[in-house]
Amino acid sequence: MDKLIHGTAANDTVRVVAAVATKTVEEVVLLHGLSPTATAALGRTLIGASLLGATQKDFDRLTIKLESDGPIGGIVAEARPNGALRGYVKKALADLPANGNGKFDVGGAVGSGTFFVIRESGFELGLHNAPYVGSVPIQTGEIGDDLAFYLAKSEQIPSAVLLGVLLKNTEPFVAAAGGVLVQMLPGANEHIITMIEDTIAHAPHLTSVIGDGAGPEDIAQLVLGEIEFKKLGEREIRFECACSQEKAITMIEALGPDDVRSMLDDDKGAAMTCGFCSSNYKVSEAELAAILERISEA
Ligand code: ZN
């Protein structure tokens, strides 16, 4: 089971959120058949969304979206307060050789563009509140850097973000995945900030410690070094899509009578694939006819 924890340190002047998400990223690879670079890109973005979500209140859905010009064509990752995560990249097979440091060239695959954070609330209650949308230009495209830049620039919270996905050559392909977010809250003193920066600069790779069995508590302590971590809560995180046959039918209804009639006449049915989880939904000719009758009456 993947887990996310949150807590504070240094008299509540530092917030730490840490997650191990190996199983979640494994599932994403299998569902989308992602290339290694796309796995690292989407895995990091999903973990980033889960970490960011844990610092926010009152939202139904938090989305990190990258609109960019690189071969991957854009990334969408969604987190819900119950720990459900889902997402996709536009070009699942886009891949690049390792960069100069021998790592996945996520920045190259992403390219330049805009990094968005979108928070939606109220829709579970049928309210259509305007979503909160924040954005910054993509910095390196390595995701962690971009999230830290977004937090500093758009939300004025000095933050450090480490996100990692380590792959292996055999199924299920993901050796380790996880991340940690450290935020300096009002009142954080310079000495503490310097200590944490120094600890992070000298810390071993996140994915190698996760691969060795470290949990989120260990990761939180890893970035805090000597400073004591006070855990305040934890939740399970997992890949989970909210799509269903019922929602597929609602989508068809929303198309209107003309489109439904042409699906019925030309295709004798409808087939849809969910972009988030690759589930297939089929709507039979008889069902389409029933939908058409329903929406024509309305
Ligand atoms: Zn789905």
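Tell me which residues, restricted to the range 251-284, are at pLDDT 90 or above and closer than 30 Å to A54 by Cβ.
C274, G275, F276, C277, S279
Can you give me the number of residues within the range 280-294 that are open to solvent by less than 40 Å² (accessible area, probe 1.4 Å) and either assigned by TED's automatic domain parsing to the domain that holds E27 or not in a helix (DSSP H, G or I) (or both)?
2
Quick one: count up the residues across the range 257-279 that are among the basic types (K, R) and loosely packed, with under 14 Cβ neighbours inside 10 Å.
So the count comes out to 1.
Residues to consider are L85, L66, L51; find the one that is touching a strand residue (DSSP E or B) at 6+ places or on another chain (Cβ under 7 Å) and within 16 Å of the ligand (Cβ to nearest atom).
From the options L85, L66, L51, the qualifying one is L85.
Taking P204, is it in contact with a strand residue (DSSP E or B) (Cβ under 6 Å, 6 or more places away or on another chain) and closer than 24 Å to E228 by Cα?
Against the criterion (in contact with a strand residue (DSSP E or B) (Cβ under 6 Å, 6 or more places away or on another chain) and closer than 24 Å to E228 by Cα), P204 does not qualify.
Looking at the range 21-47, which of the residues that are outside any helix (DSSP H, G or I) and more than 13 Å from the chain's Cα centre (by Cα) is surrounded by the fewest Cβ atoms within 10 Å (Cβ to Cβ)?
So, considering only residues that are outside any helix (DSSP H, G or I) and more than 13 Å from the chain's Cα centre (by Cα), the one surrounded by the fewest Cβ atoms within 10 Å (Cβ to Cβ) is G33.
Here is a check on your reading of the model: is S262 under 14 Å from G179 (Cα atoms), hydroxyl-bearing (S, T, Y), more than 16 Å from the ligand (Cβ to nearest atom) and part of a helix (DSSP H, G or I)?
Against the criterion (under 14 Å from G179 (Cα atoms), hydroxyl-bearing (S, T, Y), more than 16 Å from the ligand (Cβ to nearest atom) and part of a helix (DSSP H, G or I)), S262 does not qualify.
S50 fails exactly one of the following numbered conditions: (1) at pLDDT below 95; (2) open to solvent by less than 20 Å² (accessible area, probe 1.4 Å); (3) under 22 Å from I118 (Cα atoms). What is the number of that condition?
Checking S50 against (1) at pLDDT below 95; (2) open to solvent by less than 20 Å² (accessible area, probe 1.4 Å); (3) under 22 Å from I118 (Cα atoms), the one that fails is (1).
Hey, does the range 72-93 have a residue that's touching a residue at least 40 places away in the same chain (Cβ under 8 Å), open to solvent by less than 30 Å² (accessible area, probe 1.4 Å) and closer than 17 Å to F173 by Cα?
Scanning the range 72-93 turns up at least one residue that is touching a residue at least 40 places away in the same chain (Cβ under 8 Å), open to solvent by less than 30 Å² (accessible area, probe 1.4 Å) and closer than 17 Å to F173 by Cα.
Looking only at strands (runs of 3 or more DSSP E) that fall completely inside the range 140-256, which ones have 1 or more residues that are of a type outside the set (F, W, Y) and open to solvent by 50 Å² or more (accessible area, probe 1.4 Å)?
Because the criterion is at least 1 residues that are of a type outside the set (F, W, Y) and open to solvent by 50 Å² or more (accessible area, probe 1.4 Å), the strands (runs of 3 or more DSSP E) in the range 140-256 that meet it are 159-167, 229-239.
The values are calculated or read from the model by the stated rules, or taken from the named source; none is laboratory data. Here the structure is a predicted model, which means the values were calculated and not measured. Virtual Cβ from ideal backbone geometry, glycine too; neighbours counted across all protein chains shown. For accessibility, only protein heavy atoms count, side chains too; no ligands or nucleic acids. Shrake-Rupley method; radii C 1.70, N 1.55, O 1.52, S 1.80 Å.
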